[in-house]
Structure formats: structure tokens, C-alpha cells
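The values are calculated or read from the model by the stated rules, or taken from the named source; none is laboratory data. This structure is a prediction, so every number in the text was calculated from the model and none was measured. So basically every Cβ, Gly included, is an ideal-geometry build from the backbone, and we count neighbours across all protein chains shown. When the accessible area is computed, the model is the full protein with side chains, heavy atoms only, and any ligands, DNA or RNA have been set aside. Shrake-Rupley method; radii C 1.70, N 1.55, O 1.52, S 1.80 Å.
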Amino acid sequence: IVVDDSKMILSVYRTTMHSLGWSVELFDMPAKALERLKGSGARPDLLITDLNMPEMTGIELAAAIRAFIPSASLPILMVTTQHEPQDSDAATKAGVNLVTHKPFTADSLSKAIDSIMAAPRK
């Protein structure tokens, strides 16, 4: 699952993730992604989220997810333009497994995904 409020960025994710061999579900509203995760559908292997989104930030989304899905069951990757240490700290405290930065390339995104998927999870 990829969550970003920019339709243009979601299009980039769709193309990039498909080129890396992933199938994706795209959401431009965090609340819709949260509904999807609470539903009866298959659990995704990974969630990628932006930090700054209207109505619910990526940190708030991660915290809401962690209330019912542990890190061991669903790793969360945050991809953001923000480079503030307090944002990274807040993301980690909310349950984000890894924070990386935009702009991304297929190679940098692949490395971040490989890192998060290979890391031991609590």
C-alpha cells in the first residue's frame, strides 16, 4: 500500500513499484488506507506513506496502524521531503520502521524497501 496526497507522486510510485516487481494499492487519503487495513482484505507486505498530508499525517497514520497491526506484521516506510530530526524521531516513536527522503529513484526506493524487509522486526 502506498499513501500520498499527491496524485502525481502516486503515479510515480505506481510506475516505480511495478518496475521493481511490486503490485500496489494507491491511496491519496490516509483514512481510506486505514479503512482498507481494518477491512477483511489480505494484509499487504509493506506500507509506504508520506509525512505531510491533509487530515492525517503519516505519523498519525502509522500510530493508528500500530494500534492494531504490529511492526512484525506490517513494516512502514515513510518517504518525505522533510529532513528535520524531530520528524524522524516522531515517526519512529509512532511505529515507522524506516524514514527516507524524496525525491527518490527506483534504485533508492529499492534499497530502502530491501533494508526494511530484511531488518528483524519486533
Kyte-Doolittle at least 0.0, axis length at least 30 Å by Cα - qualifying DSSP helices, the chain: none
Per residue accessible area in Å² of the chain, where ligands, DNA and RNA are left out and the probe is 1.4 Å: 52
If you stretched the chain out fully between Glu25 and Lys93, how much longer would it get, using 0.36 nm times the residue separation minus the C-alpha to C-alpha distance? 21.9 nm
Amide H of Ile48: which non-local residues (sequence gap of 5 or more, or other chain) have their own amide H closer than 5 Å, using H built in the peptide plane? Val2, Val3, Leu77
Quick one: with all protein chains in place, what share of the accessible area of the chain is carbon or sulfur, to the nearest percent (1.4 Å probe)? 54
Given charges at beta-carbon only (K, R positive; D, E negative), |dipole| of the chain in Debye: 400
For the chain, whose charge dipole is built from +1 on Lys and Arg Cβ atoms and -1 on Asp and Glu Cβ atoms, the candidate among Pro85, Tyr13, Ser23 with its Cα farthest towards the positive end is Ser23
